[in-house]
Amino acid sequence: MRLSRLGYYADFLVYPFLVLALFAVASSRMAPHAWIEWVGASVAGIATWTLAEYIFHRFVLHDFPFFGRLHDAHHADPTGYVGTPTWLSAAAILFGILLPLWWGTNFDLASGLTTGFMAGYLWYVGIHHAVHHWQIRQGTYLFCAKRRHALHHFARQSCNFGVSSGFWDRVFRTGFETR
């Protein structure tokens, strides 16, 4: 969906704050031995984000007409201020991940997984912004991500749904590279 300039850049302000706030709350109340669980949950949250990113991009943004039309605006104007409003993505993460996990398990596990998931989302929006707006030096991680994502936009087949990682495209055989 089209966003204002402030709306587009809000993720870069809000998500670092949310990640640090969850970390601070967790660290203030966590027993010393619980750090291993929390860090493990954070790593699992990052990995979970990469799969969620792939599934959401491949199926929701390309197969559901309402979301597809919104996503088509990005394909039509890749450098435009198009994205998900921060309030919506944050609410989905907090109400869809943090609160249910906290209710079903404990705060340490829930905050760790949610922190990792939000860090993964922040990594994704950062990469996605960079590949569309920055001049990137050849041979770098960002250059590979930019090339992979450009193929998603311009290849004559549906491919390369992962932005922050091409891992799931390799797993599900939707990756496309030219040499």
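Scanning region 147-164 for residues that are assigned to a helix (DSSP H, G or I) and either among the acidic types (Asp, Glu) or more than 13 Å from Glu177 (Cβ to Cβ) (or both) turns up His153, Phe154. Screening the candidates Thr50, Thr84, Thr79 for the property of being β-branched (Val, Ile, Thr), assigned to a helix (DSSP H, G or I) and out of contact with any Lys or Arg (no Cβ under 6 Å at 6 or more places or on another chain) yields one hit, Thr50.
Quick one: would you say Ser111 is of a type in the set (Ser, Thr, Tyr), over 15 Å from the mean Cα position of the chain (by Cα) and not in a helix (DSSP H, G or I)? Considered against the rule, which asks whether it is of a type in the set (Ser, Thr, Tyr), over 15 Å from the mean Cα position of the chain (by Cα) and not in a helix (DSSP H, G or I), Ser111 comes out as no. Across region 64-123, the qualifying residues are those that are among the polar types (S, T, N, Q) and over 22 Å from His33 (Cα atoms), and the one among them that is surrounded by the fewest Cβ atoms within 10 Å (Cβ to Cβ) is Thr79. Taking the listed residues Trp123, Trp168, the one that is out of contact with any Leu (no Cβ under 7 Å at 6 or more places or on another chain) and at pLDDT 90 or above is Trp123, with no other qualifying. Pairs please, first residue from region 139-158 and under 19 Å from Thr50 (Cα atoms), second anywhere and at pLDDT below 90 and exposed (fewer than 10 other Cβ atoms within 10 Å of the Cβ), Cβ atoms under 8 Å, 6+ apart in sequence or on different chains. Correct list of pairs: Leu151/Thr178.
Can you tell me which residue within region 4-39, out of those that are at pLDDT 90 or above and not in a helix (DSSP H, G or I), is nearest to the chain's Cα centre (by Cα)? Taking the candidates together, the pick is Ala10.
The values are calculated or read from the model by the stated rules, or taken from the named source; none is laboratory data. Only a predicted model underlies this, so the values are computations on that prediction, with no experimental measurement involved. Don't worry about glycine lacking a Cβ; one is built from the backbone with ideal geometry, like all the others, and counts go over all protein chains shown.
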